[in-house]
Every structure is written in structure tokens, then in C-alpha cells.
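One structure is given here, and the rest of the page talks about it.
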Amino acid sequence: MEPALSQIAERIRAAAADATPLRIRGGGTKDFHGETPQGEILGTTALTGITSYEPSELVVTVRGGTPLAELEAVLAEKGQCLPFEPPHFGAAGAAGVGSVGGMVAAGLSGPARASVGAVRDYVLGATLVNGRGDVLTFGGQVMKNVAGYDVSRVLAGSLGTLGVIAEVSLKVLPVAPAEATLSFDCSQADALRLLNEWGGRPLPLNASCWFEQAGTGILQLRLRGAVAAVEAACAHLGGERRDNAHAEADWQALRDQKLPWFDTDSGLDALWRLSLPQTTSALALGDGDAPLVEWHGGQRWYKAPSAQAARIREAARAAGGHATLFRMPAGHAADSRVPRFDALSAPVARIHHALMHEFDPHRIFDRARLLAGA
């Protein structure tokens with residue numbers, strides 16, 4: 001066992017022996033996500049480096065503390081990428097310090113998620129240090145290697161409640177040969193109608209974003225694929241074709257929530273994330289700003305006070321989805337009365353608790369980060 005991994009395992013065993021709570025932390029770019037982190041920090045920054053990369057096989061294996069930007073740069077040199085576009089966010093203005101392990105643990109995906117899949121869909125295998133200090137390996141480096149429970153993918157979105165992600169194997173894909181972004185002036189209702197109509201056609205849709213700017217609704221549509229397919233789609237759909245360099249900067253800003261729409265510093269509104277069926281019509285959620293809609297209608301961002309949690313979550317449930325209190329305004333503490341995540345059904349909650357107990361029987365990891373009051 002390499003020294004850095006051995007030290008982490010020893011730290012966990014010592015914490016289990018004296019009941020010291022730990023919270024696993026990579027670059028710290030997602031400390032805001034989930035309930036307020038608790039416990040002594042168990043850092044993963046010593047676990048760095050790409051241990052295996054086979055471009056011809058479209059598989060990379062990388063240690064959990066490796067900076068996400070470093071991995072993406074290596075892939076880009078070979079004309080490959082993480083197609084789900086994981087957010088970087090950045091801590092204190094230091095963009096790109098997020099870690100690969102944090103990417104998996106947070107389970108967040110960027111603008112292309114509705115078209116290409118989520119983080120979990122690209123996880124092939126993982127090495128984990130559990131709450132006993134045991135080093136466990138799951139999965140492998142090919143798609144068809146799973147027998148029994150696919151534990152590797154369970155780690156996606158677990159927020160450090162199951163153990164330290166020491167290493168992960170990921171499927172990667174070639175960068176698309178062609179890309180174009182089209183812009184349309186339209187209302188939210190028209191944007192949702194168009195996206196659902198286009199979704200039923202053989203078009204190379206990759207990402208979409210609708211928002212209001214100066215009172216005008218704007219739909220941005222990104223196409224990716226073969227050159228002929230992208231050019232044919234542009235000719236068929238119309239709209240205003242944007243310069244690729246400027247459009248790419250905006251898509252990255254959307255990925256990292258740096259568009260002006262996401263600015264909550266000047267008010268008391270929290271940022272709410274609603275996951276809904278793509279066919280859901282525009283929701284009336286009060287007199288606040290119009291939402292930002294992406295994932296072809298499947299993900300919608302609203303700004304509203306945390307005190308409106310019950311109304312927002314009821315509207316999401318009525319539409320067949322759920323709502324997450326994603327981020328509080330800068331300088332405002334979280335309201336402990338309002339859970340960040342929507343309530344789980346009783347059967348799903350039992351599964352969560354059972355998994356946490358199996359991986360962390362001594363309860364040293366910060367399970368309340370994911371399940372409030374756990």
C-alpha cells in the first residue's frame with residue numbers, strides 16, 4: 001500500500017478507536033453542497049496522479065485527490081474529455097482546485113448531462129477506504145465487469161458518507177468533431193415546447209439553457225456531433241449562430257454557476273435546484289426572478305428565500321420531481337430548520353442508512369451531510 005493511502009487508513013482506524021468524527025475533503029470547492037460539514041478534516045490532496053490511461057481503450061484511472069483540471073488537461077492532449085462536464089466551482093476564486101474524488105462524491109454534472117449521462121454512468125471501478133480503515137476495490141476498467149451490486153457507482157453523490165475515494169476508473173470519450181451554439185429569443189413556455197419537439201427528432205442536441213436577460217427570454221442550444229450533422233441541424237433549426245469561443249466561455253460559466261443570473265450576493269434569496277420531468281410546463285413559483293432552465297427542461301434553478309421551502313418542494317413533487325436547497329446567499333448561514341435535500345421515501349431512507357452502516361459502522365464519517373439528523 002502506498003504511504004499516502006496507508007496514512008489515510010491509519011487515520012480512519014484511529015478515529016474509529018476514539019470516536020473522532022471526520023469529514024472527507026478534497027479541494028473544498030463543494031463545501032457548500034449538502035448540510036453544513038462537520039468533523040475533523042480528512043484531506044485527500046496527497047492522493048494524486050493518473051495511475052493508468054489507455055486512450056485507445058477510452059479508460060483512465062486516477063487517484064481521488066488529483067485536481068480535476070489536471071485530469072481534463074491530460075485528456076484534452078489526446079482529444080478526449082469527461083463528457084458530463086463536471087463543475088469546477090473553485091474555492092476563493094481559485095478555479096480548478098476541485099478534486100476527482102470530490103467530483104464523484106458530489107455527483108454533480110454540467111450542461112450536457114441530459115444528453116450524455118451523469119457522473120455515475122462513467123464510473124467503472126473504484127478503490128475505497130471505508131470506516132474500518134479497510135481498503136476495498138470494486139468494479140474494474142471495462143464496462144462489462146459488474147457482478148452483483150455496482151458499488152462503484154453508489155459512490156456518486158454519496159458526499160463522503162461511505163469512505164475515502166482513493167482511486168477511480170472512468171470512461172472517457174473523444175471530443176466531438178463539430179460544435180455550434182444557436183440562440184433564440186423566446187418565452188420559457190416556447191423554449192420548453194421547442195426543446196421537447198426537437199428532442200423527438202434525430203438532432204445532435206447536447207445542451208440547452210433558457211433564462212431572462214433585460215426582460216427578454218433567451219434560449220441557448222448547443223449542438224455536438226459529426227460535422228455534417230451539426231451543419232444540417234443549424235440550417236434546419238435557424239436561430240442566431242454564435243461565435244464558438246464566446247459561446248464556450250458562457251457554457252463554462254453556466255457549468256460553474258458564474259453567469260450573472262446566479263449572483264445572489266445582493267439579496268436574501270437562496271438558490272434552489274429543481275429536478276423535473278423534461279415535459280413539465282413552466283411552474284409558477286411566486287413573483288421572483290424567472291428561473292434558469294437547462295437539461296432540456298429537466299433541471300431548473302430558482303431564487304427564493306429558504307422560508308419558502310414547503311411551497312417549492314410541494315410544487316416540485318406535484319410535477320413528479322424534487323427540490324434541493326442548493327446554495328445559501330453569500331454571508332448567510334444555512335437555516336437548520338430547512339433540510340438541503342428533499343425527504344426520502346421510507347424504503348429509500350432504509351437503504352441509505354443500511355449502506356452507511358455497512359461501510360461506516362462506527363459512524364465516524366459525516367453522514368448528516370447527506371441525511372439531515374442522521
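The values are calculated or read from the model by the stated rules, or taken from the named source; none is laboratory data. Here the structure is a predicted model, which means the values were calculated and not measured. Positions of Cβ are backbone-derived with ideal geometry, glycine not excepted, and every protein chain shown enters the neighbour counts. Note: areas computed on protein heavy atoms with side chains; ligands, DNA, RNA excluded. Shrake-Rupley method; radii C 1.70, N 1.55, O 1.52, S 1.80 Å.
Which numbered condition in (1) open to solvent by 50 Å² or more (accessible area, probe 1.4 Å); (2) modelled with pLDDT under 95; (3) under 21 Å from the mean Cα position of the chain (by Cα) is the only one that Ala94 fails?
Checking Ala94 against (1) open to solvent by 50 Å² or more (accessible area, probe 1.4 Å); (2) modelled with pLDDT under 95; (3) under 21 Å from the mean Cα position of the chain (by Cα), the one that fails is (1).
Identify all residues within region 297-316 that are within 25 Å of Val116 (Cα to Cα) and surrounded by fewer than 23 Cβ atoms within 10 Å (Cβ to Cβ); write none if there are none.
Gly298, Gln299, Trp301
One residue is enough: does region 260-272 have a residue meeting the conditions open to solvent by less than 30 Å² (accessible area, probe 1.4 Å), modelled with pLDDT of 95 or more and either over 24 Å from Thr29 (Cβ atoms) or among the polar types (S, T, N, Q) (or both)?
So far as region 260-272 goes, no, none of its residues is open to solvent by less than 30 Å² (accessible area, probe 1.4 Å), modelled with pLDDT of 95 or more and either over 24 Å from Thr29 (Cβ atoms) or among the polar types (S, T, N, Q) (or both).
Which helices (runs of 4 or more DSSP H) does region 23-118 wholly contain that include 1 or more residues that are among the acidic types (Asp, Glu)?
Counting at least 1 such residues, we get 68-77.
Residues checked against (1) in a helix (DSSP H, G or I); (2) at negative phi; (3) of a type in the set (D, E, K, R):
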residue: Arg120; (1), (2), (3): yes, yes, yes
residue: Arg153; (1), (2), (3): yes, yes, yes
residue: Ser158; (1), (2), (3): no, yes, no
residue: Thr161; (1), (2), (3): no, yes, no
residue: Leu170; (1), (2), (3): no, yes, no
residue: Leu192; (1), (2), (3): yes, yes, no
residue: Asn196; (1), (2), (3): yes, yes, no
residue: Asn206; (1), (2), (3): no, yes, no
residue: Glu231; (1), (2), (3): yes, yes, yes
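Between residues in region 27-52 that are at positive phi and touching a residue at least 60 places away in the same chain (Cβ under 8 Å) and residues that are not aromatic (Phe, Trp, Tyr) and not in a loop (DSSP other than H, G, I, E, B), which pairs lie under 6 Å by C-beta distance while being six or more apart or on different chains?
Partner pairs satisfying both residue conditions: Gly28/Ala91; Gly34/Arg369; Gly39/Leu22; Gly39/Arg23.
Got at least one residue in region 236-247 being farther than 28 Å from Gly34 by Cα, assigned to a helix (DSSP H, G or I), open to solvent by less than 20 Å² (accessible area, probe 1.4 Å) and small (Gly, Ala, Ser)?
Scanning region 236-247, I find at least one residue that is farther than 28 Å from Gly34 by Cα, assigned to a helix (DSSP H, G or I), open to solvent by less than 20 Å² (accessible area, probe 1.4 Å) and small (Gly, Ala, Ser), so the answer is yes.
Restricting attention to region 45-58, which residues are among the β-branched types (Val, Ile, Thr) and touching a strand residue (DSSP E or B) at 6+ places or on another chain (Cβ under 6 Å)? Spell out how you get there, then give the answer.
So the first thing to find is which residues in region 45-58 are among the β-branched types (Val, Ile, Thr), and the list is 45, 48, 50-51.
Passing the criteria: Thr48, Ile50, Thr51.
Restricting the search to region 1-22, which residues are small (Gly, Ala, Ser) and either part of a loop (DSSP other than H, G, I, E, B) or more than 22 Å from Leu68 (Cα to Cα) (or both)?
Ser6, Ala9, Ala14, Ala15, Ala16, Ala17, Ala19
So which of Ala9, Ala14 is open to solvent by 40 Å² or more (accessible area, probe 1.4 Å) and over 26 Å from Thr324 (Cβ atoms)?
Ala14
If I go through region 140-179 residue by residue, how many of them are open to solvent by 10 Å² or more (accessible area, probe 1.4 Å), at pLDDT 95 or above and closer than 30 Å to Ala228 by Cα?
Residues meeting the conditions: 8.
Please find, among Leu223, Leu205, the residue that is in the same structural domain as Glu294 (by the TED database), open to solvent by less than 10 Å² (accessible area, probe 1.4 Å), touching a helix residue (DSSP H, G or I) at 6+ places or on another chain (Cβ under 7 Å) and not acidic (Asp, Glu). Even if it seems obvious, please write down each step before you answer.
Values: Leu205 fails: open to solvent by less than 10 Å² (accessible area, probe 1.4 Å).
Exactly one of Leu223, Leu205 is in the same structural domain as Glu294 (by the TED database), open to solvent by less than 10 Å² (accessible area, probe 1.4 Å), touching a helix residue (DSSP H, G or I) at 6+ places or on another chain (Cβ under 7 Å) and not acidic (Asp, Glu), namely Leu223.
Residue by residue through region 158-194, note down the ones that are within 22 Å of the chain's Cα centre (by Cα) and more than 30 Å from Glu358 (Cβ to Cβ).
If the condition is that a residue be within 22 Å of the chain's Cα centre (by Cα) and more than 30 Å from Glu358 (Cβ to Cβ), then Val172, Leu173, Pro174, Val175, Ala176 are the ones that fit.
Any idea which of Val100, Val62, Val104 is assigned by the TED database to the domain that holds Ser6, among the β-branched types (Val, Ile, Thr) and more than 17 Å from the chain's Cα centre (by Cα)? It would help to see each step written out before you state the result.
Details: Val100 fails: more than 17 Å from the chain's Cα centre (by Cα); Val104 fails: more than 17 Å from the chain's Cα centre (by Cα).
Answer to the check: Val62.
Being closer than 16 Å to Ala304 by Cα, in contact with a helix residue (DSSP H, G or I) (Cβ under 8 Å, 6 or more places away or on another chain) and among the charged types (D, E, K, R): is that true of Asp335 here?
Yes; evaluated as a whole, the condition is true for this residue.
When you go through Ser336, Ser345 one by one, which is the residue that is hydroxyl-bearing (Ser, Thr, Tyr) and open to solvent by less than 90 Å² (accessible area, probe 1.4 Å)? Don't jump to the end; show me each part of the working.
Numbers: Ser336 fails: open to solvent by less than 90 Å² (accessible area, probe 1.4 Å).
Result of the check over Ser336, Ser345: Ser345.
For region 365-374, check the following and say yes or no: at least one residue is modelled with pLDDT under 95 and either open to solvent by 60 Å² or more (accessible area, probe 1.4 Å) or of a type in the set (Phe, Trp, Tyr) (or both).
Yes, the conditions are met somewhere in region 365-374.
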